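Down below is the structure, laid out as structure tokens.
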Amino acid sequence: MKTAVVILNWNGRDLLEQFLPSVIRFSEEANIYVADNASTDDSVEFVQENFPQVKIIQNKENGGFAKGYNDALSGLTEEIFVLLNSDVEVTRDWLKPIIEIFKNQPETAAVQPKILDFKRRNYFEYAGAAGGYMDKYGYPFCRGRIFETLEEDHGQYNDDVPIFWASGACLIIRKNVYWEAGALDEDFFAHQEEIDLCWRIHNLGYQIKFCGNSSVYHVGGATLDSMNPRKTFFNFRNSLYMLLKNAPAPNVYGILFIRMVLDGVAGIKFIAEGKFSHLYAILQAHTAFYSNFKKIKLKRKSLLKNIQYFQLKSIIWSYFCLSRKEFSKLK
């Protein structure tokens, strides 16, 4: 199957220098692209001079993760798209078991490999770990990572299993399904847009899988680290966008209300920790949600015929009250 590995770049020359060699070395099955989001550094020149086998796609503006990938992928003809962060180190034969899944399982639309921490290589990494799931109130979590708790990898998640969402750090997806589902939502700009896309893919009746026989190592936080208030803004705003777009009727507004109350609890926690910029980010996120409510609701209307009911549970009680910090202990 013709495969395109597409690395979105914005002023990431150092990351390309560090991680692009592993992608070239271990991705013999694929065409490799660097999609540049209007960088102001010498990223493009560096790749052209040092890695002539890599194709360059030059976007006219920095439209963030969502628009950047939509613009870059629009001209590609390969059957499989690999959306790969620039701070990911891949491993030998990482693509082969994933391509086999696509060949043998036509109902599978997207796949994620095991994502391990580049800095602590025996631990799962925050952005995807061993496959993503969704809490009833829009909190994403993973096998191997719940909120801020990261598990050590002992091979406990080496199986191939259905998951709810695949990480944007390394998302492998069929080209036709990417466009059929409506691509990445550019109103998200960055963060959780891949979860929104996966939710829409499920609503179309496809499956998303985790592949335990493929591993990559992710640095994480190379664009915005977890302590950046801008990331807090995107995460809180985009969670609300996603719930309004995709949560099943008739309880969508009840879910949104409870989620916003929980956001208030998170704000109180930030006050107690002296993180006032993060509290302000939550307030900004809610203001942005109110401002764009009608626009997002129109998107929900266009998706309504495909919205399915998924039996999602809340992990808040298990994690915070019962101290069940590992995926295998959740009830």
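Can you tell me which residues in the range 272-309 are closer than 25 Å to THR149 by Cα and under 21 Å from the mean Cα position of the chain (by Cα)?
Once the filter is applied, which keeps residues that are closer than 25 Å to THR149 by Cα and under 21 Å from the mean Cα position of the chain (by Cα), the range 272-309 yields ALA281, ILE282, ALA285.
Can you tell me which residue among ASN62, ASN37 is crowded, with 21+ Cβ neighbours inside 10 Å and within 21 Å of the chain's Cα centre (by Cα)?
ASN37 is the lone residue from the list that is crowded, with 21+ Cβ neighbours inside 10 Å and within 21 Å of the chain's Cα centre (by Cα).
If you scan the range 205-230, which residues turn out to be modelled with pLDDT under 95, out of contact with any Lys or Arg (no Cβ under 8 Å at 6 or more places or on another chain) and among the hydrophobic types (A, V, I, L, M, F, W, C)?
If the condition is that a residue be modelled with pLDDT under 95, out of contact with any Lys or Arg (no Cβ under 8 Å at 6 or more places or on another chain) and among the hydrophobic types (A, V, I, L, M, F, W, C), then ALA222, MET227 are the ones that fit.
Restricted to the range 303-323, and to residues that are free of Cβ contacts under 8 Å to residues at least 60 places away in the same chain and not hydroxyl-bearing (Ser, Thr, Tyr), which residue is surrounded by the fewest Cβ atoms within 10 Å (Cβ to Cβ)?
By that ranking, first place goes to GLN311.
Quick one: is ALA30 among the hydrophobic types (A, V, I, L, M, F, W, C) and either modelled with pLDDT under 95 or more than 19 Å from VAL216 (Cβ to Cβ) (or both)?
No, not satisfied.
Among the helices (runs of 4 or more DSSP H) lying completely within the range 3-104, list those that include at least 2 residues that are within 21 Å of SER214 (Cβ to Cβ) and of a type in the set (Phe, Trp, Tyr).
13-26
Yes or no: ALA127 touching a Phe, Trp or Tyr at 6+ places or on another chain (Cβ under 9 Å) and either crowded, with 21+ Cβ neighbours inside 10 Å or of a type outside the set (A, V, I, L, M, F, W, C) (or both)?
For ALA127, the condition - touching a Phe, Trp or Tyr at 6+ places or on another chain (Cβ under 9 Å) and either crowded, with 21+ Cβ neighbours inside 10 Å or of a type outside the set (A, V, I, L, M, F, W, C) (or both) - is not met.
The values are calculated or read from the model by the stated rules, or taken from the named source; none is laboratory data. The model shown is predicted, which means the values in this text are computed figures rather than measured ones. Here the Cβ is made from the backbone with ideal geometry for all residues, glycine too, and neighbour counts use every protein chain on show.
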